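Asker: Sharing a structure here in structure tokens format.
What follows draws every value from the coordinates through simple rules; no lab data is involved. Just so it is clear, the model here is predicted, and its values are computed rather than measured. Quick reminder, even Gly has a Cβ in these numbers, built from the backbone with ideal geometry, and neighbours come from all protein chains shown.
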Amino acid sequence: MEQIPVIDISAALAGDEKGKARVAAQIRDACERIGFFTIVGHGVPDSVVKELQKEARAFFACPVEEKERTPQPPEKISRGYSRVGSRAFAYSIGKKTPPDLHETYGMGPIDPAPSAVRGTPFEKLFFMPNYWPHGRPDFRQAFETYYRKMEPLALNILQLFARALALDEHAFDQALDHHASTMRVVHYIPQDKTPEPGQLRGGEHTDFGTLTILKGEDVPGGLQVRTRSGNWIDVHPRPDAFICNIGDIMMRWTNDHWLSNLHRVANPPPEFAHVGRLSIVFFHNPNVDAEIRCIRGFYGEDTKEKYPPAKFGDLYLEKQMKSQHMTTTGEIKEQVIQGAKLN
């Protein structure tokens, strides 16, 4: 597969059984062959997208000193403002690169931590309260409204994933009922100087959770996906589409039958270096305490597991902390967990 397929999910969302079967088959093909697809007919109002884009642009246009009044916390989780150069995604796959050329504002779950993780480091690291720039109530409202639209959309797609794997539609539900999903608005800055060797707007990586839903601008210096043949292809979504890709957890659940694929955000060509780019990224994650292990019986198969069982929270923090602290070792994760215990 050398291009990203477009899948209309409207019939599936309407509850049409034939529509669900058709969409599930298309999703299965995409997830096996490239791990990416775009969706239309998703039912998310364009006004919700545009409102968040407007508020984000206004925030990122502020002086750095103002933006840094709501900084990312020391634990390096998805909250608040992260300045340009504060992370390098490629470290999560063990590749050393210069810092990525973007700034972000992040949020986590709106709902409180479930009882199962209260009083544990996972409560602080995954359910820390969100916080917002002073005097910008519309900014917070735009973020939370968008997040609330993504939650049911992600659940519907996960249920289509279950159908695509020949499982009961609700096979994943018990691992998602107190999901630890995060969201970031990413501003890929105009480039007024030549990037360092190996430096990108977003270094190559795979995503850490179950499913990513992305709304990005189709301008030069955008998303690229690596195909199985090793080619990097540009993604040019329809204006009404969201880009979706599966993450490491879904690949692990399917015992590597589905592909959590490498992707990156390229630098613009010199003639477009002055053009910035805005992306809204919803990272759907399962319950932080969910045990992740190969699903038995999908496709009617019962193959040997490639991975030992592990808690989602541990798997996520391993890669997240590498990219945030720009290190290829796993020691930082344990330090962060111990710090959360102390605090």
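Asker: Label Trp232 and Arg148 with points 7 Å out from Cα along Cα→Cβ: what is the distance between them in nm?
Answerer: 4.0 nm
Asker: Sticking with this one: In the stretch 1-105, what GluC sites (Glu not before Pro) fall in a loop by DSSP, with at most 16 other Cβ atoms inside 10 Å?
Answerer: Loop-located and lightly packed - Glu2, Glu68.
Asker: Checking the a/c ratio against 1.5 first, then a/b against b/c, what shape does the Cα gyration tensor give for the stretch 6-342?
Answerer: Here the stretch 6-342 falls in the rounded category.
Asker: If you don't mind, another one. Once a ≥ b ≥ c are taken as the square roots of the eigenvalues of the Cα gyration tensor of the stretch 126-249, is the result rounded (a/c under 1.5), prolate (a/b larger than b/c) or oblate (a/b not larger than b/c)?
Answerer: Judged from the Cα gyration tensor, the stretch 126-249 comes out oblate (a/c at least 1.5, b/c at or above a/b).
Asker: Here's another thing I want to ask about it. At most 12 other Cβ atoms within 10 Å and a DSSP loop assignment: could you name the trypsin sites (Lys or Arg not before Pro) in the stretch 247-343 that fit?
Answerer: Passing sites in the stretch 247-343 are Arg296, Lys304, Lys306.
Asker: Name the residue farthest towards the positive end of the dipole of the chain from the options Ile39, Leu158, Ser279, assuming +1 on Cβ of Lys and Arg, -1 on Cβ of Asp and Glu, about the Cα centre.
Answerer: Sorting the options by dipole projection puts first Ser279.
Asker: On to the next question. Given Cβ point charges of +1 (Lys, Arg) and -1 (Asp, Glu) and nothing else, what value in debye, to the nearest 20, does the dipole of the chain about its Cα centre take?
Answerer: For the chain, the charge dipole is close to 500 debye.
Asker: Mind checking the full-extension length gain between Ala11 and Ile110? Use 0.36 nm per residue of separation minus the Cα-Cα distance, one decimal, nm.
Answerer: 32.7 nm
Asker: Here's something else I'd like to know. What's the local net charge at Val64, with K and R +1, D and E -1, over the other residues with C-beta under 11 Å away?
Answerer: After counting each charged neighbour, the total is -1.
Asker: From the Cα gyration tensor of the stretch 266-321, with a ≥ b ≥ c the square roots of its eigenvalues, which class applies: rounded if a/c is under 1.5, or else prolate if a/b is larger than b/c, or else oblate?
Answerer: Cα axes put the stretch 266-321 in the prolate bin.
Asker: Under 19 Å Cα-Cα from Lys54, which lysines qualify once same-chain neighbours fewer than 8 residues away are excluded?
Answerer: Output for Lys54: Lys67, Lys149, Lys215.
Asker: Are there any trypsin sites (Lys or Arg not before Pro) in the stretch 27-121 that are in a DSSP loop and have at most 13 other Cβ atoms within 10 Å? List them by number.
Answerer: Sites meeting the loop and neighbour criteria: Arg69, Lys96, Arg118.
Asker: Could you grab the relative contact order for the chain? Cα pairs under 8 Å, six or more apart, rounded to a whole percent.
Answerer: 23 percent
Asker: Give the separation of the Cα centroids, the stretch 190-215 to the stretch 285-299, in Å.
Answerer: Cα centres, the stretch 190-215 to the stretch 285-299: 27 Å.
Asker: What helices in the chain pass both tests, a Cα length along the helix axis of 20 Å or more and a mean Kyte hydropathy of -0.5 or higher, using whole DSSP H runs?
Answerer: For the chain, where a helix must reach 20 Å along its axis and average at least -0.5, the hits are 46-60, 137-164.
Asker: Using a basic spin-label model with each label point 7 Å from the Cα along Cα→Cβ, how many nm lie between Cys62 and Ile93?
Answerer: Going by the 7 Å Cα→Cβ label model, 3.5 nm.
Asker: Okay, next question. What would the Debye formula give as log10 I(q)/I(0) at q = 0.12, 0.28 Å⁻¹ for the alpha-carbon point model of the stretch 121-180, no solvent?
Answerer: The Debye formula, applied to the Cα set alone, gives -0.45, -1.10.
Asker: Let me ask you something else. Output the peptides 244-250, 42-48, 195-201 sorted from most to least packed, where packing is the average of other Cβ atoms within 10 Å over each peptide's residues.
Answerer: Top to bottom by mean Cβ count within 10 Å: 244-250, 195-201, 42-48.
Asker: Here's another thing I want to ask about it. With Cβ to Cβ distances under 12 Å as the rule, what net charge do the other residues near Gln26 carry (K, R +1; D, E -1)?
Answerer: After counting each charged neighbour, the total is +2.
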